[in-house]
Amino acid sequence: MIFDVDGEPVEADPRAGQCLRTLLRETGHTEVKKGCDAGDCGACSVLLDGVPVHSCLIPAVRVEGRAVTTAAALAPADELHPVQEAIADGFGFQCGFCTPGMTVTASTLCGDDLDDLDRRMKGNLCRCTGYRPIREAIRASVLGEVRETGPRAESATTAPATAAPQRVGTSARPEAARRIVQGREPFTFDLPPDHPATDALVLRVVASPHAHARVTAIDTTAARAVAGVVAVFTHEDVPQVRYSSGRHEHRTDDPDDTRMLDDVVRYIGQRVVAVVAETAEAADAACRLVDITYDVLPAVFDPDEARMPGAPLIHPDRTPDDRVDEAHRNVIASVHAGPDVASALAASAVTVTGTWQTSRVTHAQLETHGSVGWLDDEGRLVIRSSTQVPFLARDEIARLFDLERDRVRVHAARLGGGFGGKQEIFTEDLVALAVLRTRRPVAYEFTRTDEFLRAAVRHPMRVTVTLGADADGTLTAMQIDLLSDTGAYGNHSRGVMFHSLAESTTIYRVPLKRVDAEVVYTNNIPSGAFRGYGLGQVVLGVESAMDMLAERLGIDPFDLRRINAIRSGDDPGHDDLVWGSYGFDQCLDLAQDALARGNGATAPDGWLVGEGMAAAMIATMAPFGHIAHTTATLRADGTYLLRAGTAEFGNGTTTVLRQIGATDLAADFDRIELWHADTDAVAHDTGAFASAGITVAGKALHAACLTLARRMRERAAALTGTDAASASLTSTGVETIAGLVGFAELCADGELTADGSELGEQRSLAFNVHAVRVAVDPTTGTVRILQSIQSADAGFVMNPAQCRGQIEGGVAQGIGSALYEEVMVSPEGKVTTPVFRTYRVPQFADVPETEVYFADTSDDLGPFGAKSMSESPYNPVAPAIGNAIARALGIRPFTQPFSRDRVWRLAAELSAGDRAAG
Ligand code: FES
């Protein structure tokens with residue numbers, strides 16, 4: 001058949017059942033992304049005869065003779081559609097994976113649609129931005145307005161208006177902006193037509209239907225007979241090496257409890273067999289023909305029962321040497337620390353206690369996990385992966401296959417989101433196996449349902465918090481009991497548990513603290529790293545208990561925090577934590593003032609209104625070493641090459657790194673080339689997690705650039721016989737008092753290069769305060785956020801518009817977790833919400849605008865005084881909303897999410913109580 005794509009005729013012969021999305025990608029139109037293949041997310045949106053459609057829902061055969069327009073052709077060549085221009089200018093994206101589809105749908109809107117934007121855009125999900133900048137960009141483009149960019153907040157820490165563009169402190173536009181809005185920025189699977197892995201074999205897995213079973217036999221005969229099948233792998237074909245999918249700088253942070261393919265399965269959905277075939281259809285057909293015999297074992301799903309005597313043991317053979325402390329009762333790690341606080345609580349004027357249960361939350365980054373591998377001309381293994389940790393993935397792959405590190409290269413293109421979920425190796429190991437065995441390129445790309453079934457979720461935790469206080473609100477004692485469910489494997493289990501109890505318990509001055517915590521195996525889907533790394537769960541308990549205390553004492557909740565807040569100079573609870581700056585007090589003031597001002601939003605008649613707030617503290621990087629080595633190079637043509645290992649997954653690191661170079665080297669972006677996230681091209685970096693993009697990689701690059709700038713001045717001074725101290729970098733060379741020394745002259749003996757390193761030996765602390773006013777409909781349980789405010793202590797704000805976006809995105813994700821996001825699991829351990837249709841990610845209509853305010857601080861540790869601000873905005877959102885619901889209803893929700901049915905039940909309980917009392 002023939003159809004038209006972006007004005008060009010395309011001849012194609014679609015396969016039976018093929019959808020338009022895959023056909024378009026096979027014809028080279030990689031601007032059409034895959035987010036769900038179920039019509040829920042809109043990443044694959046195109047215009048079909050001018051009408052926006054989800055191309056994954058359109059049978060390819062139906063487009064014969066019709067015209068398809070992708071994001072690349074919404075405007076004439078080399079131009080952008082007005083909405084693309086507005087989104088690019090207005091920071092309407094972070095990772096950018098949703099953006100091409102978003103611009104396609106938005107390009108069809110007109111003035112009449114602006115009042116109905118929530119409905120018109122509901123088919124396009126964005127997990128990163130919180131939608132505000134997209135909404136503003138659409139409005140501006142439709143109305144032809146000049147947009148105002150940057151944070152609404154006034155912050156003395158941002159650069160003055162006279163600052164040069166693209167320097168730190170300005171809202172420099174991401175270098176990739178134009179490519180992203182057109183879909184031309186390549187993500188993991190957007191390979192150019194001449195790429196050696198363009199026609200990679202397809203890898204699929206056969207999953208366990210049992211939550212706990214021993215594989216007693218596998219018959220692959222029929223599967224191998226399917227035409228196009230190249231290889232079938234079982235547990236007998238993989239290295240006899242245990243490891244963890246979770247990755248850290250020190251691989252011993254995680255338990256070695258995982259095999260690539262195992263003869264014992266421990267959760268429903270665990271991969272048992274891998275099939276590699278010429279086509280997806282052949283691989284799927286073969287997977288259906290693999291015959292596996294299981295000996296079903298007893299399973300346990302309740303983390304409390306899992307640690308009881310007699311419970312089924314999930315990893316009975318693991319030992320403390322594997323970092324599994326008590327395998328005989330399914331406990332990976334535990335903490336029992338602090339004095340007995342019973343007498344202190346008994347002597348307190350007031351005590352409050354409560355138990356909060358948090359849910360499984362999926363990252364829902366729009367680009368699913370995936371990697372593609374091949375052998376290069378020297379026979380080295382190359383893997384292009386959607387990973388936040390290319391170096392750590394490379395190291396573990398080399399270990400698993402007993403290869404020298406330099407025989408493996410892992411690199412990442414731009415990632416379509418991660419939120420911690422790609423601090424794992426979920427696909428790279430099988431791709432490596434298949435490439436090494438078949439000697440051919442192999443690709444393994446998760447479906448959206450794969451994400452729900454076998455990518456990690458946020459650790460569900462049960463948190464009991466007891467607080468005691470004097471009558472004036474001064475805390476006297478804190479007791480926390482924590483139970484964390486890691487599911488079937490222990491990736492990130494230890495780190496998340498320890499981190500969950502760190503800054504959440506040290507944010508307040510409490511003379512006596514007692515903590516008892518355990519993280520246990522169950523036969524549920526595995527948990528893993530998620531934005532906040534456990535803090536959000538414990539912050540929910542502590543901040544809710546603080547609100548209960550404020551109510552009991554009749555003290556304003558902001559004032560209760562002021563009374564007890566940790567102060568600069570206090571012991572922050574860990575040897576490597578230092579007070580580089582302090583902005584908690586400002587955050588409390590900014591949020592309280594904004595809440596008092598209000599925003600004019602009102603509740604419908606009959607709805608109940610309540611205000612709530614919560615605070616959170618976070619260290620500016622992970623403990624125990626987060627390392628970055630960087631390089632800055634001056635070339636003779638006056639361009640700079642900056643090299644940094646960290647990955648870009650929507651956190652804006654590549655923009656800020658360029659801003660650092662632009663500032664230190666007096667160069668705009670067009671003279672700066674950045675290489676990153678490639679184990680061959682750049683030096684070691686621990687990875688893009690723990691909010692370390694600025695505080696580790698940025699700091700290391702700042703050091704490299706400053707050294708290079710000094711060398712340039714010294715070289716110019718030596719060449720002119722002048723003093724280096726009076727020399728300055730310009731856009732054409734180095735200006736000395738004897739005149740200009742051009743770049744070519746500076747590089748006459750070769751390029752000038754300088755290295756910079758950061759070893760993450762000291763960490764500072766940042767704060768976030770969230771405040772909300774909510775309306776609750778007691779007859780339905782619906783919660784509507786009338787006002788949302790977040791104040792942030794980010795130190796010097798490197799890129800205000802981008803940092804505002806990080807905060808808004810974190811708040812949006814927090815709203816989802818607070819109100820409706822929950823990966824549901826049946827009593828037998830089966831995920832019952834395996835698609836976006838049943839797992840609800842916040843849509844356009846769900847996210848109110850959040851007022852963002854920055855504290856005026858500058859950190860002694862961070863580059864230019866900056867602190868991290870990626871994970872932390874998420875942490876105080878759910879408790880703030882929970883506290884507001886409690887104050888609206890007069891009864892407190894303890895189970896997260898505070899979904900409509902749960903809130904309705906609370907309201908019904910309350911009115912039943914009232915009736916009984918009346
Ligand atoms: Fe929208 Fe990442 S920018 S999903």
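A few notes on this one:
- Sequence-distant aspartates and glutamates (8 or more away, or on other chains) whose Cα lies within less than 14 Å of LYS699: ASP664, ASP685, ASP755, GLU758, GLU761, ASP859, ASP860
- Normalised per residue, the accessible area of region 1-157 is 40 Å², obtained with a 1.4 Å probe and no contribution from ligands, DNA or RNA.
- Between the alpha-carbon centres of region 736-779 and region 379-410 there is a gap of 28 Å.
- Efficiency of FRET from Cβ geometry, ALA725 and ASP118, R₀ 60 Å, rounded to 0.05: 0.55
- The simple Förster model, with R0 at 22 Å and r as the Cβ-Cβ distance, assigns THR732 and GLU673 a FRET efficiency of 0.75.
- Residues of region 172-215 with amide N under 20 Å of a point placed 7 Å along Cα→Cβ from ASP78: 176-185
- Column: log10 I(q)/I(0), Debye, Cα scatterers of region 231-348, q = 0.09, 0.21 Å⁻¹: -0.40, -1.24
- Vicinal HN-Hα couplings computed from phi for region 596-606 (Karplus, 6.51 cos²θ - 1.76 cosθ + 1.60; Hz; Gly/Pro x): 5, 5, x, 9, x, 5, 10, 8, x, 4, x
- Prolate/oblate/rounded call for the chain, Cα gyration tensor, a/c under 1.5 rounded: rounded
- Between ASP680 and ALA471, the distance separating the two model label sites (each 7 Å from Cα on the Cα→Cβ line) works out to 7.4 nm.
- The amide H of GLY35, built 1.01 Å from its N in the peptide plane, has ALA43, CYS44 as neighbours under 5 Å, considering only residues 5 or more places off or on other chains.
- Karplus (6.51, -1.76, 1.60) ³J(HN,Hα), θ = phi - 60°, over region 376-393, in Hz, Gly and Pro reported as x: 7, 4, 9, x, 7, 7, 10, 10, 9, 9, 7, 10, 7, 9, x, 5, 5, 5
- Amide proton proximity set for MET824, modelled H, under 5 Å, gap of 5+: THR832, THR833
- Calculated FRET value between ARG15 and ARG837, using beta carbons and R₀ = 25 Å, to 0.05: 0.50
- Greater than 22 Å apart at Cα, pairs in LYS34/LYS422; LYS34/LYS122; LYS513/LYS867: LYS513/LYS867
- Debye-formula intensities of region 310-376, expressed as log10 I(q)/I(0) at q = 0.23 Å⁻¹, are -0.99 (one equal scatterer per alpha-carbon, no solvent).
- Residues within the reach of a label modelled at CYS110 (point 7 angstrom out along Cα to beta-carbon, backbone nitrogen below 11 Å), restricted to region 40-61: there are none.
- In the context of the full set of protein chains, residues of region 403-469 present 25 Å² of accessible surface per residue (probe radius 1.4 Å, heavy atoms only).
- Average accessible surface area per residue within region 766-878, 1.4 Å rolling probe, Å²: 23
- In this simple spin-label model, placing a label point 7 Å from the Cα along the Cα-to-Cβ direction at both ASP406 and ALA744 gives a separation of 3.6 nm.
- Distance between modelled label sites at ARG178 and THR353, nm, 7 Å Cα→Cβ extension: 6.4
- Amide hydrogen neighbours beyond the local backbone of ALA529, cut-off 5 Å, H modeled: none
- If both residues of a DSSP beta bridge must be in the chain, then about 75% of such bridges are antiparallel.
- Potential extension, GLN240-THR198 segment - 0.36 nm per residue separation minus Cα distance: 12.0 nm
- When the chymotrypsin sites (Phe, Trp or Tyr not before Pro) in region 615-685 are filtered for DSSP coil states and for at most 14 other beta-carbon atoms within 10 Å of their beta-carbon, the remaining sites are PHE624.
- The 3J(HN,Hα) values that the Karplus relation (6.51, -1.76, 1.60; θ = phi - 60°) gives for region 869-883 are, in residue order, 7, 10, 7, 4, x, 5, 5, x, 5, 4, x, 4, 5, x, 5 Hz. Gly and Pro appear as x.
- Radius of gyration (Cα atoms) of region 673-779, expressed as a multiple of 2.2 N^0.38 Å: 1.69.
- Overall form of region 1-90 per C-alpha gyration tensor (a/c, 1.5; a/b vs b/c): oblate
- Sorting 785-797, 389-401, 39-51 by their mean Cβ neighbour count within 10 Å, with the most densely packed peptide first, gives 785-797, 389-401, 39-51.
- Protection proxy ranking of 129-141, 435-447, 583-595 - average other beta-carbon atoms within 10 Å, highest first: 129-141, 583-595, 435-447
- Cα extents of region 822-918 along the three principal axes, largest first (Å): 60, 41, 27
- CD proxy at 222 nm, helix term only [per DSSP H run n ≥ 4: -39500 (n - 2.57); per residue of the chain; nearest 500]: -7500 deg cm²/dmol
- Pairwise Cα separations in region 389-484 fall into 5 Å bins from 0 onward with the following percentages, short to long: 2, 10, 15, 16, 13, 10, 6, 6, 6, 6, 5, 3, 2, 1, 0.
- Inverting the pair-averaged 1/r between distinct Cα atoms of region 719-835 gives 21.1 Å as its Kirkwood hydrodynamic radius.
- Whether region 863-918 is rounded, prolate or oblate, judged on the alpha carbon gyration tensor where a/c under 1.5 counts as rounded: prolate
- Kirkwood-type radius of region 496-628, with distances r between different C-alpha atoms, in Å: 17.4
The values are calculated or read from the model by the stated rules, or taken from the named source; none is laboratory data. Computed from a predicted structure; not experimentally measured. Counting neighbours? That spans all protein chains shown, and the Cβs are built from the backbone with ideal geometry, glycine included. Just the protein is used for accessible areas: all its heavy atoms, side chains included, with ligands, DNA and RNA removed. Shrake-Rupley method; radii C 1.70, N 1.55, O 1.52, S 1.80 Å.
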